[in-house]
Amino acid sequence: MSFLSKWFHGDKQQEWPPTRPDVVFSKTAPPPGPRYAPGTRIAYDDGLITHLLDEHRKLLSLFTSISNAFVRGDFTHTVTFLRQFKSNLAAHLLTENVRLYVYLEHTFTDDEFSHILIHNMHQEMDAIGRNVLAFLSKYDALDRDPVLSQSFAAAANNIGQILSDRIKREEETLYPLYMPIAQTTLDDVVP
């Protein structure tokens with residue numbers, strides 16, 4: 001069973017929380033009393049949206065740095081910023097996928113409209129993420145292949161517009177749906 005499968009669906013061979021007195025909760029173990037999304041071990045985090053908003057600002061700032069370095073003709077720094085953006089974006093997407101989308105999709109299983117909206121936004125973000133990562137991989141050699149500079153500006157403008165639009169829709173539509181649910185325990189959510 002994979003790590004993610006264990007995380008989302010539980011390891012049926014392992015009891016959680018551990019009942020043996022010699023087992024100590026690690027820093028990564030869920031704290032006692034959290035509000036879990038139904039059927040998961042994903043707990044509500046009152047700092048998550050603030051964290052994601054901060055990551056959005058950092059991603060947009062990095063994208064501006066990419067554009068500015070390119071306009072100056074500084075392809076070495078353009079590539080440095082592209083790599084930093086790729087790393088930050090991958091971390092952001094992982095956080096959203098695991099801590100936001102899974103929580104929301106499980107929380108809104110009984111609200112068909114919201115569940116479909118969340119599911120569709122999740123699928124769309126996966127597709128956008130693949131396209132952005134393909135863009136970043138393609139232009140990783142910009143400092144070594146000057147031919148790439150001919151198409152970079154148009155491609156970067158397109159990606160920048162897609163990301164800006166997506167960030168705006170997430171912040172206006174998706175993030176307000178993230179809220180604590182009724183108090184649950186692991187016994188309620190993981191058989």
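Taking a ≥ b ≥ c as the square roots of the eigenvalues of the Cα gyration tensor, the range 138-177 is prolate, since a/c reaches 1.5 or more and a/b is larger than b/c. Packing, taken as the mean count of other beta carbons within 10 Å per residue, orders the peptides 166-174, 96-104, 73-81 from highest to lowest as 96-104, 73-81, 166-174.
Computed from backbone phi with θ = phi - 60° and the Karplus coefficients 6.51, -1.76 and 1.60, the 3J(HN,Hα) list for the range 70-76 is 5, 4, 6, x, 8, 5, 5 Hz; x is used for glycine and proline. Using a probe of 1.4 Å on the protein chains alone, the accessible area found for Ile128 is around 20 Å². Taking all protein chains as they are arranged and a probe of 1.4 Å, the heavy atoms of Ile181 leave approximately 30 Å² accessible to solvent.
Taking a ≥ b ≥ c as the square roots of the eigenvalues of the alpha carbon gyration tensor, the range 79-128 is prolate, as a/c is not under 1.5 and a/b beats b/c. Hydrodynamic estimate: the Kirkwood radius of the range 43-191 over Cα pairs, inserted into Stokes-Einstein at 25 °C and 0.890 mPa s, corresponds to D of 146 µm²/s.
The values are calculated or read from the model by the stated rules, or taken from the named source; none is laboratory data. The structure presented is a predicted model; accordingly, all values stated were derived computationally and were not measured. Counting neighbours? That spans all protein chains shown, and the Cβs are built from the backbone with ideal geometry, glycine included. Remember, those area values only see protein heavy atoms, side chains included, never the ligands or the DNA or RNA. Shrake-Rupley method; radii C 1.70, N 1.55, O 1.52, S 1.80 Å.
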